[in-house]
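Asks: I'd like to ask you about the structure that follows.
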Amino acid sequence: MTGNELAKMYEFSYGAIQRNLDNVSNEDSLVQPPGAGNCLNWVLGHIVVARNMVLSLAGCAPVVGEEVAAHYRRGSNPLQPGDKVPDLATLRGLLSDTQQQLVPALAALSDEALALPVPEPIRRPPLTGSVADALIRLHYHEGYHNGQMGLLRRLAGKEGAIK
């Protein structure tokens with residue numbers, strides 16, 4: 001896997017996320033699925049936080065600070081009315097910020113950089129092995145949550161965006 005191939009994978013994913021967000025309002029993004037799970041706002045915020053890790057592996061600074069990231073980490077509580085979290089427009093802007101940095105940074109990664117082991121401070125399952133291995137796993141993670149976004153938009157009363 002080359003840096004250019006990884007960049008193309010994240011470009012494709014970004015396009016699918018954008019389609020899943022078409023015509024979704026902030027209120028739509030806060031609809032909680034029945035039973036268990038997280039709303040679309042949480043899923044998008046979680047993707048942005050995961051992209052912080054992608055940016056770190058590609059040698060870039062994160063776009064989201066700890067105060068925001070805490071709401072969207074794995075295992076965090078589902079969002080509740082009144083939680084001080086970014087609205088959908090802000091999250092979309094943060095996602096765009098990640099994309100603008102991520103694509104050129106990934107494309108610039110050399111084969112040698114991709115073969116390096118995941119740096120110790122962030123090395124933990126599933127982010128083990130080489131930088132390339134971790135970036136591929138993070139891309140799969142993003143795709144998984146992108147599929148959830150497609151279902152959550154339907155729960156909010158929107159037609160499916162990807163047919």
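The values are calculated or read from the model by the stated rules, or taken from the named source; none is laboratory data. Please read these numbers as outputs of a predicted model, since none were measured by experiment. All Cβ positions, glycine included, derive from the backbone under ideal geometry; neighbour counts span all protein chains shown. Ligands, DNA and RNA are excluded from the accessible area calculation, which covers all protein heavy atoms including side chains. Shrake-Rupley method; radii C 1.70, N 1.55, O 1.52, S 1.80 Å.
Asks: Would you mind listing the helices (runs of 4 or more DSSP H) fully within the range 1-85 where at least 3 residues are farther than 19 Å from residue 143 by Cβ?
Replies: Hits in the range 1-85: 26-29, 66-72.
Asks: Also, I was wondering about something else. Among the residues of the range 74-96, count how many are of a type in the set (A, V, I, L, M, F, W, C), modelled with pLDDT under 95 and within 20 Å of residue 55 (Cα to Cα).
Replies: 0
Asks: Name the residues in the range 117-147 that are free of Cβ contacts under 8 Å to residues at least 24 places away in the same chain, surrounded by 12 or more Cβ atoms within 10 Å (Cβ to Cβ) and assigned to a strand (DSSP E or B), would you?
Replies: Result: 117, 130.
Asks: Could you run through the range 86-98 and say how many residues are surrounded by fewer than 17 Cβ atoms within 10 Å (Cβ to Cβ) and either touching a residue at least 24 places away in the same chain (Cβ under 8 Å) or of a type in the set (S, T, N, Q) (or both)?
Replies: Within the range 86-98, residues that are surrounded by fewer than 17 Cβ atoms within 10 Å (Cβ to Cβ) and either touching a residue at least 24 places away in the same chain (Cβ under 8 Å) or of a type in the set (S, T, N, Q) (or both) number 5.
Asks: Quick one: count up the residues across the range 31-55 that are open to solvent by 50 Å² or more (accessible area, probe 1.4 Å) and either touching a Leu at 6+ places or on another chain (Cβ under 7 Å) or modelled with pLDDT of 95 or more (or both).
Replies: Number of matching residues: 1.
Asks: Now for a separate question. Looking at the range 97-133, which of its residues are at pLDDT 95 or above and in contact with a Pro (Cβ under 8 Å, 6 or more places away or on another chain)?
Replies: Selection gives 129, 130, 131.
Asks: So how many residues does the range 105-116 have that are open to solvent by 60 Å² or more (accessible area, probe 1.4 Å), within 24 Å of residue 14 (Cα to Cα) and not charged (D, E, K, R)?
Replies: Adding up the residues that qualify gives 1.
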